[in-house]
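Heads up, the thing below is written out as structure tokens.
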């Protein structure tokens, strides 16, 4: 599931043959000149941006709904309803209360267990009340905390989230193939994986072999695009080189993506 940050990136993914579209809060924030993961963006603005992505193609679109844009189950339920109003047919909810930062020793904090479960239950109920088939993903962010046994905490929480109604389960930061295979075994539900930088290069086949059911790109493709801009800028200023044009789409190709029948 390739994660788009604007309408055009979604259209490129659709053109290449992907069957669904994800979204990235990081990408949406970054192209607006803002930091990600601070939960400072009004949910209406973020969901409107996702809505533009959802309307750009005919593919089903899932929203990166961060921490639900509020601590209470009622606020999470409202976020689910708003995502549906913006044409999303799925969304993910994090259980992170405090994100890692220099102020807290780069250790995040999770929402209290019972409240976190209640939030997923409220999300499920809101999705079901809409009458559409909505794929709810529950994320356990324990690998971004200083928990002494993050694996056990992830298993306990993800199983509870599954029982509360989550369709997919996700433990960001767990990248070891052996442990991912263990997670598939120990959690009673489909496990999703977010592709980012890993110590060992991973492929889709490797992840399938340990039982992963869905792979999303998160903010990685947006960051790769920004990496191209950085490298091209340095080459222009330092070497007077414009080699970035070698792999650039032509104007005709861009317009064909926007208007395939034109």
Rounded to the nearest 10 degrees, what's the angle between the helix 73-85 long axis and the longest principal axis of the chain, both from Cα atoms, 0 to 90?
40 degrees
Rounded to the nearest 5, the percent of antiparallel DSSP beta bridges in the stretch 2-230 equals 10 percent
Rounded, prolate or oblate: which one fits the stretch 2-230, using the alpha carbon gyration tensor with axes a ≥ b ≥ c (rounded when a/c is under 1.5, else prolate when a/b beats b/c, else oblate)?
rounded
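So if each residue of separation counts as 0.36 nm, and I subtract the Cα-Cα distance between residue 125 and residue 34, what length gain in nm does that give? Could you put the intermediate results ahead of the total?
Working: separation 91, 0.36 × 91 = 32.76 nm, distance 3.25 nm.
Residue separation times 0.36 nm, minus the Cα-Cα distance, leaves 29.5 nm.
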Modelling each spin label as a point 7 Å along the Cα-to-Cβ direction, I'd like the residue 232/residue 258 distance in nm, to one decimal.
1.6 nm
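May I ask you to derive the relative contact order of the stretch 163-262, considering only C-alpha pairs under 8 Å and at least 6 residues apart, and to give it as an integer percent?
Computed value for the stretch 163-262: 21 percent relative contact order.
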Anisotropy class of the stretch 82-146 from Cα gyration tensor, a/c 1.5 cut:
prolate
Reduced to Cα centres, the span from the stretch 74-150 to the stretch 217-254 in Å works out to 34 Å
The chain: angle of helix 150-163 to the longest principal axis, Cα-based, in degrees nearest 10
80 degrees
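Sequence gap at least 6, Cα distance under 8 Å: using those rules, report the relative contact order of the stretch 2-230 to the nearest whole percent.
With pairs under 8 Å counted, the relative contact order is 16 percent.
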How tilted is helix 113-129 with respect to the longest principal axis of the chain? Cα atoms for both, answer in degrees (0 to 90, nearest 10).
70 degrees
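Read-outs throughout are calculated quantities, based only on the coordinates presented, and are distinct from any laboratory measurement. Only a predicted model underlies this, so the values are computations on that prediction, with no experimental measurement involved. Note that each Cβ is placed from the backbone with ideal geometry, even for glycine, and that neighbours are counted across all protein chains shown.
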